[in-house]
């Protein structure tokens with residue numbers, strides 16, 4: 001009898017060890033998923049859903065909801081199990097850090113987020129979330145957008161009310177002149193991280209040099225150090241002095257300028273033109289389409305995907321990210337590519353004809369592109385932030 005019990009005990013221990021050895025972590029699942037086909041991932045996803053999982057995801061861009069709906073149509077056995085919730089940029093990382101690992105019902109399995117430096121510091125570095133990128137796309141998505149994975153780019157452009165003709169802005173230094181005081185609309189950068197990152201990017205050696213050259217072209221003399229250490233700091237100071245913060249969202253800036261006074265100009269998300277009343281839309285002109293603005297005519301920022309460390313459906317998350325990076329997923333009906341101002345990191349995907357827009361490559365050199373590595377590497381980040389905050393507060 002003792003011998004039988006001993007054998008049973010050994011068998012139970014072996015089964016326990018086998019179970020532990022085969023237990024797959026989220027990171028291991030994502031690593032495996034990266035080399036799987038979509039058909040293989042679909043089988044894994046169906047198994048996860050059959051075991052009771054559902055994919056809850058947060059997104060800072062509402063177009064993701066339609067992308068999820070199109071995804072369910074393409075993978076019908078996952079229908080009803082992809083649950084979208086829009087999240088405001090300002091609360092993104094507070095919510096995610098509080099909910100990941102909390103055991104709260106319907107906590108997020110993945111998220112589409114802005115502000116790469118905060119993603120890195122708050123989630124990736126602490127192991128609260130993991131990056132996933134499909135190996136099959138390594139040759140068509142530039143390496144800079146694979147880790148963390150970018151699913152779309154969004155631009156904010158200089159757009160003005162044209163009811164009295166062109167505002168004649170051909171050089172960014174014009175926006176620092178007294179005549180523009182109160183006529184430039186921009187969302188408070190201390191409450192909108194992508195706007196803040198745009199201003200911080202201007203302090204980089206590349207953009208500081210470009211601003212100095214634009215200064216010389218506009219004023220007819222070389223920029224010289226005086227009150228400000230660099231041309232970038234001087235431009236930021238002059239620009240923020242003129243900013244009007246009446247409107248608290250990009251949509252409100254778009255509609256407010258379209259229906260407001262002639263000559264007002266905003267820097268806001270290009271895609272928000274869809275929010276403008278049809279009758280007011282002819283009142284708006286995109287400055288860059290009128291002429292090449294010396295230095296820049298707006299900025300471009302990234303939306304990243306990230307998978308939460310406590311998800312119970314990592315393969316479903318991987319399949320969904322594959323979908324977002326595919327032509328079918330990015331360009332599906334009423335999805336990102338059906339609107340102005342959204343661009344895929346997948347270089348095989350262009351903008352459709354008929355839109356008042358240009359492909360991603362057109363904007364290279366015309367906009368200030370967000371660089372996670374530059375912002376993350378800054379030793380004087382707090383100093384730059386204080387410089388901006390003081391001027392916003394005046």
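The values are calculated or read from the model by the stated rules, or taken from the named source; none is laboratory data. Because the structure is a prediction, the values reported are computed rather than measured. Backbone-built Cβ (ideal geometry, glycine too); neighbour counts: all protein chains shown.
Tabulated values for the structure
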item: The listed residue being touching a residue at least 40 places away in the same chain (Cβ under 8 Å), surrounded by fewer than 19 Cβ atoms within 10 Å (Cβ to Cβ) and within 21 Å of residue 329 (Cβ to Cβ), out of 56, 38; result: 38
item: Failed item in (1) surrounded by fewer than 22 Cβ atoms within 10 Å (Cβ to Cβ); (2) touching a residue at least 12 places away in the same chain (Cβ under 8 Å); (3) outside any loop (DSSP other than H, G, I, E, B), with residue 182 passing the rest; result: (3)
item: Elements of type helices (runs of 4 or more DSSP H) in segment 264-338, at least 3 residues being under 30 Å from residue 101 (Cα atoms) and over 19 Å from the mean Cα position of the chain (by Cα); result: 314-325
item: Filtered residues of segment 244-256 (kept if touching a helix residue (DSSP H, G or I) at 6+ places or on another chain (Cβ under 8 Å) and either within 18 Å of residue 194 (Cα to Cα) or part of a helix (DSSP H, G or I) (or both)); result: 245, 247, 250, 251, 253, 254, 255
item: Residue within segment 342-356 that is free of Cβ contacts under 8 Å to residues at least 40 places away in the same chain, in the same structural domain as residue 69 (by TED's automatic domain parsing) and not in a loop (DSSP other than H, G, I, E, B) present; result: no
item: Residue in segment 288-301 that is within 30 Å of residue 82 (Cα to Cα), buried (at least 21 other Cβ atoms within 10 Å of the Cβ) and touching a residue at least 40 places away in the same chain (Cβ under 8 Å) present; result: yes
item: From 87, 49, 82, 100, residue being in the same structural domain as residue 310 (by TED's automatic domain parsing), within 28 Å of residue 197 (Cβ to Cβ) and either modelled with pLDDT of 95 or more or exposed (fewer than 15 other Cβ atoms within 10 Å of the Cβ) (or both); result: 100
item: Options 197, 237; residue that is crowded, with 16+ Cβ neighbours inside 10 Å, touching a strand residue (DSSP E or B) at 6+ places or on another chain (Cβ under 8 Å) and assigned to a helix (DSSP H, G or I); result: 197
item: Of the criteria (1) over 30 Å from residue 80 (Cα atoms); (2) in the same structural domain as residue 32 (by TED's automatic domain parsing); (3) in contact with a strand residue (DSSP E or B) (Cβ under 9 Å, 6 or more places away or on another chain), which one residue 270 fails; result: (2)
item: Some residue of segment 110-126 being assigned by TED's automatic domain parsing to the domain that holds residue 48, at pLDDT 95 or above, within 22 Å of residue 47 (Cα to Cα) and surrounded by 13 or more Cβ atoms within 10 Å (Cβ to Cβ); result: yes
item: Enumeration of residues in segment 145-174 that are outside any loop (DSSP other than H, G, I, E, B) and exposed (fewer than 13 other Cβ atoms within 10 Å of the Cβ); result: 165
item: Residues (loosely packed, with under 12 Cβ neighbours inside 10 Å and over 24 Å from residue 291 (Cβ atoms)) located in segment 347-385; result: 348, 352, 373, 377, 379, 380, 382, 383
